[in-house]
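K.L.:
Got a structure here, written out as C-alpha cells. Questions coming.
The values are calculated or read from the model by the stated rules, or taken from the named source; none is laboratory data. As the structure is a prediction and not an experimental result, all values here were calculated from the model. Cβ: placed from backbone, ideal geometry, glycine included. Neighbour counts: every protein chain shown. We work out accessible area using only protein heavy atoms, side chains counted, and drop any ligands, DNA or RNA first. Shrake-Rupley method; radii C 1.70, N 1.55, O 1.52, S 1.80 Å.
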Amino acid sequence: MILLRINQLEIAMSLSNDRRTYLKQLENESIYIFREVAAAFQNPVMLYSIGKDSSVLLHLARKAFYPGKLPFPILHVDTGWKFKEMISFRDQFIKKIGAELIVHQNPEGVAMDINPFIHGSAVHTDIMKTQGLKQALDQYQFDAAFGGARRDEEKSRAKERIFSFRDAHHRWDPKKQRPELWNKFNTQITKGESIRVFPLSNWTEQDIWDYILQENIELVPLYLAQPRPVVERNGTLLMVDDGRFPLEKGEEPEYRSVRFRTLGCYPLTGAIESTANTLESVVHEMAQSRHSERQGRLIDSDQAGSMERKKREGYF
Amino acid sequence: MSAIQPISNVIPMNETKKLLRLMTCGSVDDGKSTLIGRLLYDTQSLFDDQLALLEDESKRIGNAGDALDFSLLVDGLQSEREQGITIDVAYRYFSTDQTKFIIADSPGHEQYTRNMVTAASHSSVALILIDARKGVITQTKRHAYLCSLMGIETVIVAVNKIDLVDYQESVYESIKQDFLQMSHTLAFRHIDFVPVSALRGDNIASRSEQMPWYQGEFLLRLLDNMNICDATPASESFRFPVQYVNRPDQAFRGFSGTVVSGTIRQGDEILVLPSQKRANVIEIVTFDGNLSRAVEGEAITLVLDREIDISRGDVVIHAHQDMALGQLVKAELVWLNETALQLDRQYDFLFSHRAIQGRIASVDAHIDIHELGAKVSKDGIALNDIAEVSIQLQEAVPLDTFEQHSSTGSFIMIDRISHDTVAGGMIRSIDNVDHRETNETLSEFELELNQLIRKHFPHWQALDVRKQS
C-alpha cells in the first residue's frame, strides 16, 4: 500500500518535473550563457533595470552559480526618474539575495538638472541612460555586460547576436558582429573592447510571464492593477508618482485602476487601465488584449527607427 | 516588503510544451517570407498593433492585392541590407499549444552559405521550400546538401505556390519524386512533403479544401508532430564539458556545465579527459535541488568524492567509456570571413570551452555544394567555401566526430589577431593519440631533421618534436 503510494508520487513528480519542457530548455540555454561569460571574461557585470525581464535574468543568474553567489556585481543606471516603488523593490530584493549592487547616476546630468518633462524623452534618455551607462562601464572597466533584451521585442532586434560586440567607444558596428555557430561563443576581445550579452535572446514576452508564474519570481507591484493617481495626455495614462510632475492647467490626477506592462522612467511610461491584480489575471488579460509591450514606451515612438539608432549609440 | 508574490500551485497550461528549432530554406521568390509571416499570423503570434501596421503597409506597399502581405512582417529590414550587414540570420518565434518554435531564417542565395550554415547549427529540423512552378532546382540541391552536412536529419519539404499550378496532384507528386531521388545519398532520416499556398493559407494551419487528393497533415500539424520524431534514442555515451569551476568558498567545489550527451547518475564513476583522473559523482547540484540523474541538455553542477585537478575545457565521461584524444584531425570547414585562410598561420580552434592553437596542415578537397557535395580541387579557402582539411593542433584534446556527438565534434576557428570568427568546422575523423603509449622514442635522425627544419625554415612552423611527448 505504502509502496504503491510512493510509486504514484514518483510518477507524478517525474511528470511535473519534466525537464524537457520549453521553459526548462530556455532556462538551460540561459544558464549556459551566464556561465560562459563568467568563466571567459575578467570583469563582467549584470545590467539591472528592475523590470520583469531583469527579474527573470537575475533569477537565472542565481541558478547558474548556485550554491555560490553571483560572481559579478549588478549595475543599475538610475535616471533619477524611476518609479519610487522600483527603487524600494531594488534595494530590498538585492539585499535579500546578497548580491553586490552598483547604482550609477550621470553626475553631469544631475548637475544639468535633466528633466524629461522639460528636455523631452530623447535628451533625457540619451544623457541619463545611454551616457550614464557608458560612464559606468568605463569607470569600472567592465568587459562584459549582461542585458535582458529579447529578439522578439522589435523587428530590428531579430538579427541581434547573443554575444553582441562593442568597440572601445561602446559602439555597435553591424559589420563587426561575429557569426554564432552552435553554442560555441567567441569570447576573445582586445583590451578596451567589450561585449553585451543577452541570455534572454530566445525568450518571448509570453515565455517571460510563463516563467515568472512557474518560478514564483518576485516583481515590482506596479505590474499589478491597483488604483493609482494618473493623468491622461495624448491618449497615454501617466502616473503622478511625485511632486515633480508638472500638472497643466485644468489637469487633476484621478485615481484609476491601472497597471504597467513595462517599467522605466515614470514620466515616459504609459499605464493601461486594468483590474488584473494577480499575476494570473495579468497573463490572462494579456492573452486577450494582444498589444505588444513596447506600445506603452514613449521612448520608442519618439523617432522613427529609434531602436536601431539607440543600439548603435550604446543604449540597449 | 510589498513585492508581488505569485500564488503558488498554479500550474502553467503549457507545462508539457516542447521547444523546436527550425530553419527555413528558400528565397524570397519561393514565398519564404510570406510563409513565415503566415505562420506567425495563423498562430496568433502577432500583436494588435503589429497587425494594424501590417494592414496599413499592405495597402500602401504590399504585393498581395487587397489581402495582407505577410512578407512585410519579415522583410522589414531593408535598411539593414543597405547598411551592409552581410551576415544575417533572423530569429523568429511562434507557438502552438504543444510547441514553441524558434525559426532561424537566413537568405537562401548562393553567397549566403555562411548564413545557412549558421542557421542550421541552431536547428534540428529544416523546412525546405520549393516553388511548385519551378520544381527541384540547383538551389534546392544546395539547401538539401547544407542541411545534411550540418547534421539535420529531419526535413519538411513544402511545395509552395501550389495554387499557381491549379492545385494539381501530378505536379506535387513529380516534385516529391524528384526530391526523393535527388536526396537519397544524403543523410536524412525523415522527410515529409506538403503542398501549400502560403499566400492563400492552404495547408498551413488547417487542411485545404482545394486538394482533396492530399491525405497528409497540414504544415503546422507536421511541425507539431516533430516533437514525437524528436524522441530519437539518446546516445549512450556521457559527455560533460566542464564550463565553469564553481568554488564560492572552501566548503564547496563543483564543476558546472551542460550535459551534451548521455546520462549521469549520482554515484557514477567518471573519467576526466585529457588528465585521465578518476572520481565518483557524489552530488548533482542544481538551484532547484539535487538530482539523482541528469540527461542531455541539462545545466548542472557535479560534486566529486575527491580533490582532483579539473579545469574549464576538460571533458567528463563515464569511467568505462572512451573518447578520443586528438591532435591531428580531419574536418570539414565552412569559411565565414572575408579574409581567406592563410596556410602558414596559427589560429585558435575553439572546442568545448577550450581554445587550442593549431594550423591547417593541408586543404584536402573542396566541396561543390551545387552537386550534392562532389569533390573538386581548388587552392586556398575563401568566404563561403566548404573544404575538407587536416588540422594540426598544438596539444591533444578530447574530441568526438560530428556524427557521434555534434557538440564535442564541432569547433569554431578564431583569428588570433583580429579575434574574428573565421570558420566553423565539423570533425570527420580523429587520429587518436594513444595516451598510454607516450614517450615514444624518436630516432636520432628524426630529432636532427626536426631541429634543422625548425632552424632554417621557421615559417613552416614545424612543431618541436622533443616537446610533444
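K.L.:
Stretched out fully, how many nm does the piece from B:Arg293 to B:Ser170 gain, at 0.36 nm a residue minus the Cα gap?
P.N.:
Gain on stretching B:Arg293 to B:Ser170: 39.1 nm.
K.L.:
Still on this model: Just for region B:259-333, what percent of DSSP beta bridges are antiparallel, to the closest 5?
P.N.:
That works out to approximately 100 percent antiparallel.
K.L.:
Give the share of C-alpha pairs in each 5 angstrom bin for region B:324-431, from 0 to the last occupied bin, in whole percents, shortest bins first.
P.N.:
2, 14, 25, 27, 19, 10, 3, 0
K.L.:
Could you sort out which of B:Lys59/B:Lys134; A:Lys129/B:Lys17; A:Lys159/B:Lys100; A:Lys129/A:Lys155; A:Lys159/A:Lys184 sit more than 27 Å apart by Cα distance in this structure?
P.N.:
Over 27 Å Cα-Cα: B:Lys59/B:Lys134; A:Lys129/B:Lys17.
K.L.:
Jot down the per residue volume, in cubic angstrom and as a whole number, of the convex hull over the alpha-carbon atoms of region A:180-228.
P.N.:
Roughly 155 Å³ of hull volume per residue.
K.L.:
Would you list the P(r) distribution for region B:7-224, with all Cα-Cα distances sorted into 5 Å bins from 0 and each bin expressed as a whole %?
P.N.:
1, 7, 14, 19, 20, 17, 11, 6, 3, 1, 0, 0
K.L.:
Mind checking which aspartates and glutamates have their Cα closer than 12 Å to the Cα of A:Lys69? Skip sequence neighbours fewer than 8 apart in that chain.
P.N.:
Cα-Cα hits under 12 Å: A:Glu100, B:Asp249.
K.L.:
Right, another one. On the accessible surface of region A:107-245, probed at 1.4 Å, how many percent belong to carbon and sulfur atoms?
P.N.:
50 percent
K.L.:
Run through the DSSP bridge list for region B:7-224 and note the antiparallel percent, rounded to the nearest 5.
P.N.:
25 percent
K.L.:
Okay, next question. Rounded to a whole number, what % of the accessible area of region B:324-431 do carbon and sulfur atoms account for, probe 1.4 Å?
P.N.:
Carbon and sulfur together cover 46 percent of it.
K.L.:
Given region B:240-318, what whole percent of its Cα pairs are spread farther than 22 Å? Numbers along the way, then the final one.
P.N.:
On the way: 321 of 3081 pairs.
For region B:240-318, the share of Cα pairs beyond 22 Å comes to 10 percent.
K.L.:
For region B:240-318, with all protein chains present and a 1.4 Å probe, just round the carbon and sulfur fraction of the accessible area to a whole percent.
P.N.:
Here carbon and sulfur together make up 43 percent of the probe-accessible area.
K.L.:
As a test of the definition: with a 1.4 Å probe, what buried accessible area, both sides summed, do you compute for A against B, in Å² to the nearest 100? All intermediate terms of the calculation are to be shown ahead of the outcome.
P.N.:
Numbers: alone 16440 and 24450 Å², together 33650 Å².
Accessible area lost upon association: around 7200 Å².
K.L.:
Show me, for region B:311-328, the HN-Hα J-couplings you get by feeding each phi into the Karplus relation (A = 6.51, B = -1.76, C = 1.60, θ = phi - 60°), rounded to Hz, glycine and proline as x.
P.N.:
Karplus-based 3J(HN,Hα) across region B:311-328 equals 10, 3, x, 5, 10, 9, 10, 5, 4, 8, 10, 10, 8, 6, 10, x, 10, 10 Hz.
K.L.:
While we're on this one: Spin-label point model (7 Å from Cα, Cβ direction): what's the B:Glu448 to B:Arg253 distance in nm?
P.N.:
According to this spin-label approximation, the distance is 4.8 nm.
K.L.:
If you don't mind, another one. Ordered by packing density, taken as the mean number of other Cβ atoms within 10 Å over each peptide's residues, highest first, how do B:287-297, A:195-205, A:120-130 rank? Present the calculation step by step, with values, prior to reporting the outcome.
P.N.:
Details: B:287-297: 15.4, A:195-205: 24.5, A:120-130: 19.6.
Result, highest mean Cβ count within 10 Å first: A:195-205, A:120-130, B:287-297.
K.L.:
What's the FRET efficiency of A:Arg171 with B:Glu209 using the Cβ-Cβ distance as r and R₀ = 56 Å, to the nearest 0.05?
P.N.:
Working: r = 54 Å, r/R0 = 0.97.
FRET efficiency, A:Arg171 to B:Glu209: 0.55.
K.L.:
Another question about this same structure. So if I place +1 on the C-beta of Lys and Arg and -1 on the C-beta of Asp and Glu, and nothing else carries charge, what would the dipole magnitude of region B:324-431 be about its Cα centre? I want it in debye, nearest 20.
P.N.:
220 debye
K.L.:
Right, something else. Across region A:218-231, in residue order, what do the Karplus-derived ³J(HN,Hα) couplings come to in whole Hz, using 6.51 cos²θ - 1.76 cosθ + 1.60 with θ = phi - 60° and x for Gly and Pro?
P.N.:
6, 10, 4, x, 4, 6, 9, 6, 7, x, 9, x, 10, 10
K.L.:
Which whole number gives the average, over all residues in B:239-252, of C-beta atoms from other chains lying within 10 Å of the residue C-beta?
P.N.:
Per residue, the average neighbour count from other chains is 3.
K.L.:
Same structure, new question: Which FRET efficiency value, to the nearest 0.05, do you get for B:Gln346 and B:Glu236 by plugging their Cβ-Cβ distance into 1/(1 + (r/R0)^6) with R0 = 56 Å?
P.N.:
0.95
K.L.:
When Cβ neighbours within 10 Å are restricted to other protein chains, what is their mean count per residue of peptide B:308-316?
P.N.:
On the way: counts 0, 0, 0, 1, 4, 1, 0, 0, 0.
So the per-residue partner count for this stretch is 1.
K.L.:
Mind putting a number on the dipole of the protein assembly as shown about its Cα centre? Charges go on the C-beta only, +1 for Lys and Arg and -1 for Asp and Glu, and I need it in Debye to the nearest 20.
P.N.:
Here the protein assembly as shown has a charge dipole of around 1180 debye.
K.L.:
Where the convex hull is taken over the Cα atoms of chain A, what is its projected area averaged over directions, in nm²?
P.N.:
Average projection, Cα convex hull of chain A: 19.1 nm².
K.L.:
Per residue of A:155-168, how many C-beta atoms from partner chains lie within 10 Å of its own C-beta, taken as a mean?
P.N.:
3
K.L.:
While we're on this one: Please give the per residue volume of the convex hull enclosing the alpha carbon atoms of chain B, rounded to a whole number of Å³.
P.N.:
Each residue corresponds to 207 Å³ of Cα convex hull volume.
K.L.:
Using only Cα atoms, what Kirkwood radius does the protein assembly as shown have, in angstroms?
P.N.:
28.4 Å is the Kirkwood radius here.
K.L.:
Got a sec? Which residues in region A:157-171 would a label at A:Glu193 touch, if it sits 7 Å along Cα→Cβ and we count backbone N under 11 Å?
P.N.:
From region A:157-171, the list is A:165-168.
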